[in-house]
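Have a look at the structure below before the remarks.
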Amino acid sequence: MKRTLALLACLISVVAAEERPALYPFDVTLGGTKAEMKEGNEIFAEVSKPVAPDAVLALEKEVPMLIVNAFPCKEDGTVEETQAAAIIFAQNVKEVKLDATMDKKKLVPGTYLANVVADGKTSRIVFVVATPDQKPVVNFSKVLGFLKKKAGVE
């Protein structure tokens, strides 16, 4: 009986671990808002509120190496090829500010697709950077549609 219960507990933990989306294997909080996978969206997690250019990106635990690549994109998800990706690299951290880029440039207001790499895994998020006086509407449906079309997923 004890063996059966132990086996059942292991099986439940494995199934629960597999339910995590492949492109969001760990939680990311940006500007105090946790990124969430929305139903029908398996491509990225969304940060539902706009963030400041110096917002804090936080993980659940400290990691030996954290890499963030944030790509500016149009509202439809097309990456802005004329703008360089923002790259953040930090060691032994649980959180980092968005303005800690390697080139020391702040993220300009707009929409960003980001890869957050930690512990050998990558969580993909999408977010909007806004100035305090801006009240942008955060709607990532165009981004999702573009990326699904590009990936051949409908």
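All of the numbers you see were taken from the coordinates with simple rules; none came from a lab. Since the model is a prediction, treat every value here as computed from it, not as a measurement. All Cβ positions, glycine included, derive from the backbone under ideal geometry; neighbour counts span all protein chains shown.
Longer than 18 Å from Cα to Cα, which of Lys74/Lys104; Lys121/Lys149; Lys34/Lys106; Lys38/Lys121; Lys61/Lys97 are they? Say none if no pair is. Let's see the in-between values first.
Details: Lys74/Lys104 23 Å; Lys121/Lys149 25 Å; Lys34/Lys106 21 Å; Lys38/Lys121 20 Å; Lys61/Lys97 16 Å.
In this structure, Lys74/Lys104; Lys121/Lys149; Lys34/Lys106; Lys38/Lys121 exceed 18 Å between Cα atoms.
Stretching the chain fully between Arg20 and Asp103 yields a gain of 26.5 nm (0.36 nm per residue, less the alpha carbon separation).
Each peptide among 116-124, 84-92 gets the average number of other Cβ atoms lying within 10 Å of its residues, and from highest to lowest they stand as 116-124, 84-92.
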